[in-house]
Amino acid sequence: MTAHAATSPSIGLASIGLSLPPLALPVEELAKLRGQDPQKYTLGLGCQEMALCPPDFGAVEMAVEAAKRALGRWDGDLGRIGMIVVGTESAVDMSRPLSAWVAEELGLRGAVRSYEVKHACYGGTVALRQALEWKLSGAAGDKAALVIATDVALYALSDPGEPTQGAGAVAMIVDQPDIAVIDPMSYPWSEPAFDFWRPVGESFPRVDGKFSLDCYKKAAENCFRAFVGDDDAQQKLSALAAICFHVPFPKMVKKAFLHVGESFGWDYELSNQIFSQKIDPNMGWNRQCGNAYTASLWMSVAEALAGLDEGQQITAFSYGSGFGAELLTLTAGPEAATGAWTADIEHDLANREHIDAAGYESLRDARLAASA
Ligand code: HMG
């Protein structure tokens, strides 16, 4: 932990809840439809399955379910929630915040700050940082914040991003750090860019795919270099129990980490060894759900925290197109070892239905009709 963290009150994650939608498509099925070698998707991009939403289901439903699960295993009650903030790029209205839909379902009203944050996939992290800083400022008093990252990631049919689609939500209660302390010190990096964006009124993102990879790599390099500072990079990263990334597709994370390693003067073997030990094992849930935009990083963090001993430290690299990034550090609390929230993923994976190529085509048609 940094010297700064040692002098600040400890605030962090008191509870976590996750939610996945009820449908999934193996990427091999999409490869059939698009006439691609399935290995382009499985080996080239590192994808396995994409979580999909039926037409009447989406970011709100997943957010509500994740929030209920987080609240259900928290030892506080709804009356202690003084802030609900949702990070999303799947807004259902240009004015009314998605948090209002969630608050309505939860019965949350009164002396509560309620709003939505948008910054592509980085929005959930900004929401979490705001909740943390609200608590650290003293403005929260003894209230806790409910932070939710929720998204449905769909591309236009046959877009190169189509195999990376996904969906999911992560809810986090920011209060006493039973699961993890979030270090007040973090390492942001942003540059205005058009790498991935969705103009108002358009249903699907426009993407400059290759450029987006370069933006992500540049952001990762700058955030990790700031985190390491004058310390020994190998020692500092090897001391971490896990290194988590935003996961647009797993191969992106490997490319970015090799780039970070190069910037430290490491050879492929060293970067690959750290990747295999500290990064790859935290992307299991991401491989099952695809890119869940704002929720992707926090899925990975939730997976990494489950089973850690108190005091073990991890980092979380958040990236959102546009572009904005931030590297956070978290230290496991006494409840991390229980990994209670893994039950949410196990439940949703066990209960979801796998569809095939034909089912996917009908689903996209039905969603299109529902949104027309
Ligand atoms: P593409 O251009 O169709 O793919 O789409 P490609 O031709 O670059 O091939 C991909 C990889 O598969 C390559 O590996 C190929 O060699 C390999 P690489 O050389 O890069 O290591 N390959 C094969 N491997 C095995 N067997 C084969 C085979 N054929 C090819 N037969 C692209 C790739 C990433 C551009 C596309 O998926 C895309 O546009 N994705 C969306 C954008 C994205 O995810 N960008 C990531 C960074 S930006 C970000 O993270 C933000 C985001 O989450 C949004 C937000 O913030 O809200 C996206």
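The values are calculated or read from the model by the stated rules, or taken from the named source; none is laboratory data. Bear in mind the structure is a predicted one, so any value in this text is a computation, not a measurement. In this analysis, Cβ positions are derived from the backbone assuming ideal geometry, glycine residues included, and neighbour counts consider all displayed protein chains.
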Next item on the list: Could you tell me whether any residue of region 184-202 is crowded, with 20+ Cβ neighbours inside 10 Å, within 18 Å of the chain's Cα centre (by Cα) and under 25 Å from Glu65 (Cβ atoms)?
Entry: no
Notebook entry, point to check: Which of the residues spanning region 1-24 are modelled with pLDDT under 95 and touching a helix residue (DSSP H, G or I) at 6+ places or on another chain (Cβ under 8 Å)?
Noted result: Ser8, Pro9
Note to self: Residue under question is Ala24, and the condition is that it be in a helix (DSSP H, G or I), surrounded by 17 or more Cβ atoms within 10 Å (Cβ to Cβ) and not β-branched (Val, Ile, Thr); does it hold?
What the structure shows: no
Notebook entry, point to check: Which one of Gln48, Gln39 is among the polar types (S, T, N, Q) and closer than 16 Å to Ala153 by Cβ?
Noted result: Gln48
Item checked: Entirely in region 75-194, the strands (runs of 3 or more DSSP E) that have 3 or more residues that are farther than 25 Å from Arg352 by Cβ and within 16 Å of the ligand (Cβ to nearest atom) -> 187-190
Next item on the list: List every residue pair whose Cβ atoms lie under 9 Å apart, where the two residues are 6 or more positions apart in sequence or sit on different chains, the first residue falls within region 97-125 and is over 25 Å from Pro248 (Cα atoms), and the second residue, located anywhere, is among the basic types (Lys, Arg) and not in a loop (DSSP other than H, G, I, E, B).
Entry: Glu105/Lys68; Leu106/Lys68
Note to self: I want to confirm something. Restricting to region 282-324 and keeping residues that are of a type in the set (Phe, Trp, Tyr) and in contact with a His (Cβ under 7 Å, 6 or more places away or on another chain), which single residue is farthest from the ligand (Cβ to nearest atom)?
What the structure shows: Phe317
Next item on the list: Just give me the residues in region 206-238 being out of contact with any Asp or Glu (no Cβ under 6 Å at 6 or more places or on another chain), within 16 Å of the ligand (Cβ to nearest atom) and either free of Cβ contacts under 8 Å to residues at least 60 places away in the same chain or among the basic types (Lys, Arg) (or both), in sequence order.
Entry: Arg206, Val207, Gly209, Lys210, Leu213, Asp214, Lys217, Lys218, Glu221
Item checked: Top-ranked residue of region 93-138 - restricted to ones that are basic (Lys, Arg) and more than 29 Å from Asn291 (Cα to Cα), ranked as surrounded by the fewest Cβ atoms within 10 Å (Cβ to Cβ) -> Arg109
